[in-house]
């Protein structure tokens, strides 16, 4: 990457990011909206279903209230931040954004359709980003009219608590886009890790095969759900066990990332475990569906195997 020239600095200050558009009001989208609004950015939150936007706003308000209770932010900051988040039921509501971040489901086809559609509604200079955890930034950028203004900004879940953000340049991403993205992440008080555009980037390239191996360990009867999670929590000092973490991430997302790794790197070590496939086919996707490797329908989670 080349050095930042004085001319680039001047252009960057003229194109400073002030208003953020977020496509997708799910767990990741509402988390990004939360941290952006607290950091002082104007936020436009879009989703196909208006009730999902309403639910996201209620979640954000509740999460901010918890931050206030813990003394992490003041109530005035919470009120100001909530006022900065505006619902954008139609893509035309993103017209004034300086940066639009897609945080939709982890499907390349879905993401490409979103980017093709949103380009018709935004300014020529607006930057585009994907929060994808595994899909090629170069391929997603090719679905837009501005591949040089496109970058991967991958937040970790839960966004308000996790400090890391992966930045991923596509083959066409220019230096100015990269620098503006890095500056944006800095204003959120998060740490950047720069990854090359390879399947699953850094974190998920390492994390998801570990989760997949834990599922194989369960599938092969080496240990029960409880034994595997206890072993990794107490034996490797992990804050939560790999199967508990898989439920938190969503087993459908885990499977999608493993499929991207397997297809993209053509190595049998990335083959998704058949038991993971079976759980997803059953609709047992983890916490969000109340059943995964644990059953969450009672007072406390109970292992399902």
One residue is enough: does segment 61-74 have a residue meeting the conditions more than 19 Å from the chain's Cα centre (by Cα) and closer than 26 Å to residue 197 by Cβ? no
Against the conditions (1) more than 18 Å from residue 155 (Cα to Cα); (2) modelled with pLDDT of 95 or more; (3) not in a helix (DSSP H, G or I), where does residue 20 fall short? Just the number, please. (1)
Answer with yes or no whether residue 275 is touching a residue at least 12 places away in the same chain (Cβ under 8 Å) and either surrounded by fewer than 14 Cβ atoms within 10 Å (Cβ to Cβ) or not assigned by TED's automatic domain parsing to the domain that holds residue 111 (or both). yes
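Are any residues in segment 234-260 farther than 16 Å from residue 294 by Cα and either part of a helix (DSSP H, G or I) or out of contact with any helix residue (DSSP H, G or I) (no Cβ under 8 Å at 6 or more places or on another chain) (or both), and if so, which ones?
Scanning segment 234-260 gives 234, 235, 236, 237, 253, 255, 256, 257, 258, 259, 260.
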Has segment 176-191 got at least one residue that is more than 22 Å from residue 149 (Cα to Cα) and either in a loop (DSSP other than H, G, I, E, B) or in contact with a helix residue (DSSP H, G or I) (Cβ under 9 Å, 6 or more places away or on another chain) (or both)? yes
Filtered residues of segment 203-223 (kept if surrounded by 14 or more Cβ atoms within 10 Å (Cβ to Cβ) and assigned to a loop (DSSP other than H, G, I, E, B)): 223
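State yes or no: is residue 171 surrounded by 15 or more Cβ atoms within 10 Å (Cβ to Cβ) and either outside any helix (DSSP H, G or I) or under 18 Å from the mean Cα position of the chain (by Cα) (or both)?
No; evaluated as a whole, the condition is false for this residue.
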Restricting attention to segment 120-149, and to residues there that are under 19 Å from the mean Cα position of the chain (by Cα) and in a loop (DSSP other than H, G, I, E, B), which single residue is surrounded by the most Cβ atoms within 10 Å (Cβ to Cβ)? 132
Among the listed residues 104, 56, identify the single one that is assigned to a loop (DSSP other than H, G, I, E, B) and either in contact with a strand residue (DSSP E or B) (Cβ under 7 Å, 6 or more places away or on another chain) or within 30 Å of residue 254 (Cβ to Cβ) (or both). 104
Taking segment 140-155 and keeping only residues that are within 19 Å of residue 195 (Cα to Cα) and in contact with a helix residue (DSSP H, G or I) (Cβ under 7 Å, 6 or more places away or on another chain), one is left with 140, 141, 147, 148, 149, 150, 151, 152, 153, 155
Within the bounds of segment 280-289, is there any residue that is in a strand (DSSP E or B) and over 18 Å from residue 223 (Cα atoms)? yes
When residue 86 is evaluated against the numbered criteria (1) part of a helix (DSSP H, G or I); (2) touching a residue at least 40 places away in the same chain (Cβ under 8 Å); (3) touching a strand residue (DSSP E or B) at 6+ places or on another chain (Cβ under 7 Å), which criterion, by number, is the only one it fails? (1)
Flagged in segment 290-305 as assigned to a loop (DSSP other than H, G, I, E, B) and surrounded by 11 or more Cβ atoms within 10 Å (Cβ to Cβ), in numbering order, are 290, 292, 293, 296, 301, 304, 305
Within segment 245-270, residues over 23 Å from residue 103 (Cα atoms) and under 23 Å from the mean Cα position of the chain (by Cα) come out as 265, 270
Restricting the search to segment 108-119, which residues are in contact with a helix residue (DSSP H, G or I) (Cβ under 7 Å, 6 or more places away or on another chain) and exposed (fewer than 14 other Cβ atoms within 10 Å of the Cβ)? 117
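The values are calculated or read from the model by the stated rules, or taken from the named source; none is laboratory data. Bear in mind the structure is a predicted one, so any value in this text is a computation, not a measurement. Glycine gets a Cβ as well: all are built from the backbone with ideal geometry, and neighbour counts include every protein chain shown.
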